[in-house]
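Scroll down for the structure; my scribbles are underneath it.
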Amino acid sequence: MEVGDRIRVGIIGTGGIFEGWGGGSGHLPAYPWVVKDAKVVALCDVNEENLKRGEYALKRLYEKMAREYESLGYPDYVELLRADSRDVRLYTDLDSMLESEEIDLADILTPCETHMEHVIKCLEAGCHVMCEKPLTRTWLEALEIVKAVKRTGRLFQYNEQQIYTPLFHSIRQLIRKGEIGELECVWISDSIGMPSWKYTKGGVGALLDLGSHSIIKSWFLIGFDYIPKRVRTLSPEGISIRVKEGYDHGILRTLKVEDDAHFNVEFEDPSTGRWVNAYIEASWSYRDSHGLRIVGSKGEIKVVNDAIEVIDVFGNSRKVEPWRESWLREPPPPAYNGFPQEIKAMLNCIKENARPLCDEKIAAESIAALNACYLSEAKGRTAIYLNEFKEMALKIMKEKGEKAYESLLKTLVEEALAKKL
């Protein structure tokens, strides 16, 4: 790829996270904004109906954005959008796409039980890769991705879009400036109020579905120079099934995985031995806590409905407006929800051959921490060091070989929920 060339992107998976849910969310709405840096050359989905719908959504959006940029006075964007819309090619088979196209970046948006296979195939085909969360269902699968990244020398970005938002960048800056003194703990909740049935089919519950968001966001605020060392599920709920039934496209189904998880992750600074705690709620049922709270030795930061409030130890408070970097301003992105920013960040990393902010090692450690929470619940909500969990997982790998991934997941979920199903 020559300097100045646009990065050729192949998108694998054209379901919900591709199209988005309105308000500029999702991957597709972000690509018109980075069209001068990236060209979507191919879409791939095993479901032909999804694929055709994805193609229609892309063409409709690109034309809409072309007209909008035309009215704003960006003729170069208009020309690129209309040309890219005409040229995009469709595939129902990943191998065929990788053989037929020259792809620089694979954007993987498929179900998490397929991530290991898809990520490794794309890396071995010479693509850089960014992948949606959860990275995998088990740490053993994530470990294979870490090995593949090292083996191929390609770049990998784990996509947690919220750490690229003005909101999270502003909070991180306030912490780094010492506005609340030394950081002590982060309280964070992710809840959607209904089961993600797409994940239950792969044996994944709320812990991995939503906990994968919360742990990365917490870690980003604490600092990626810290490492997760120990986890513990928290009473009274721990990992549980609080609403045993739910509707899936009009059909009443019984839940076989957890819909609620409360847990603590202890992060350690390896250079000083200092610890910072993250208290996390991941729920498909009830939200027991609200917003985001970061506590330090001299005050705290509260976030409710994306409004930042800094409170000192005397109770004095002030509002802080989220800060936006200059490269987020022109032309205006469809939303400041992090999707355009995370894609732009990966494109910059490819151009400069720089390691992404949230890479494969961080992703794998986050999955290890989430897996270890199941072990904590199974052992009566005792604290579990990640190394203890990893030793258990590697033992299963040695005994089961390729069947270890399913065996580990089944063991963790069944033991954690033994008395709750």
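Residue 1 passes every criterion in (1) modelled with pLDDT under 95; (2) more than 21 Å from residue 121 (Cβ to Cβ) apart from (2). Per the conditions (1) at pLDDT below 95; (2) outside any helix (DSSP H, G or I); (3) not aromatic (Phe, Trp, Tyr), the sole criterion not satisfied by residue 17 is (2). Residues that are basic (Lys, Arg), more than 18 Å from residue 218 (Cα to Cα) and either in a loop (DSSP other than H, G, I, E, B) or within 22 Å of the chain's Cα centre (by Cα) (or both) within region 286-325 comprise 298, 324, listed in sequence order.
Part of a helix (DSSP H, G or I), touching a Phe, Trp or Tyr at 6+ places or on another chain (Cβ under 7 Å) and assigned by TED's automatic domain parsing to the domain that holds residue 33: is that true of residue 363 in this structure? Break it down into steps so the answer makes sense when it comes.
Values: part of a helix (DSSP H, G or I): yes; touching a Phe, Trp or Tyr at 6+ places or on another chain (Cβ under 7 Å): yes; assigned by TED's automatic domain parsing to the domain that holds residue 33: no.
No: the conditions fail for residue 363.
In region 246-276, the residue that is modelled with the highest pLDDT out of those that are more than 26 Å from residue 382 (Cβ to Cβ) and of a type in the set (Gly, Ala, Ser) is 271.
Restricting 180, 188, 175, 192 to residues that are surrounded by fewer than 19 Cβ atoms within 10 Å (Cβ to Cβ), β-branched (Val, Ile, Thr) and not assigned by TED's automatic domain parsing to the domain that holds residue 13 narrows the list to 192.
Please go through region 200-245 and give me each residue that is among the β-branched types (Val, Ile, Thr) and more than 17 Å from residue 361 (Cα to Cα), ordered by number.
Selection gives 200, 204, 231, 233, 239, 241, 243.
As a summary of the residue check, residue 34 satisfies the conditions (1) of a type outside the set (S, T, N, Q); (2) free of Cβ contacts under 8 Å to residues at least 24 places away in the same chain; (3) touching a Pro at 6+ places or on another chain (Cβ under 7 Å) except for the one numbered (2). Just so you know, in region 364-421 the residues that are among the aromatic types (Phe, Trp, Tyr) and under 28 Å from residue 132 (Cβ atoms) include one that is surrounded by the most Cβ atoms within 10 Å (Cβ to Cβ), and it is 374. Among the residues of region 395-418, is any assigned to a loop (DSSP other than H, G, I, E, B) and among the basic types (Lys, Arg)? Scanning region 395-418, I find no residue that is assigned to a loop (DSSP other than H, G, I, E, B) and among the basic types (Lys, Arg), so the answer is no.
Can you spot a residue in region 223-238 that is part of a helix (DSSP H, G or I) and small (Gly, Ala, Ser)? No, the conditions are met nowhere in region 223-238. Look at (1) more than 26 Å from the chain's Cα centre (by Cα); (2) at pLDDT below 95; (3) farther than 19 Å from residue 237 by Cβ and you find that residue 395 fails only one, number (2). Out of 377, 399, 388, 414, report the one residue that is in contact with a helix residue (DSSP H, G or I) (Cβ under 6 Å, 6 or more places away or on another chain) and over 20 Å from residue 145 (Cβ atoms). The conditions single out 377. Whenever a residue of region 105-132 is free of Cβ contacts under 8 Å to residues at least 40 places away in the same chain, its partners that are small (Gly, Ala, Ser), lying with C-beta atoms within less than 6 angstrom and at least six residues away or across chains, give the pairs 120/148; 123/148; 129/106.
The residues on offer are 348, 353, 371, and the sole one that is at positive phi, under 25 Å from the mean Cα position of the chain (by Cα) and either outside the structural domain of residue 33 (by TED's automatic domain parsing) or at pLDDT 95 or above (or both) is 353. Per this entry, residue 203 is not counted among residues that are part of a loop (DSSP other than H, G, I, E, B) and at pLDDT 90 or above.
The values are calculated or read from the model by the stated rules, or taken from the named source; none is laboratory data. Small disclaimer: the values here were computed from a predicted structure and weren't measured. FYI the Cβ positions are ideal-geometry reconstructions off the backbone, even for glycines, and counts take in every protein chain you see.
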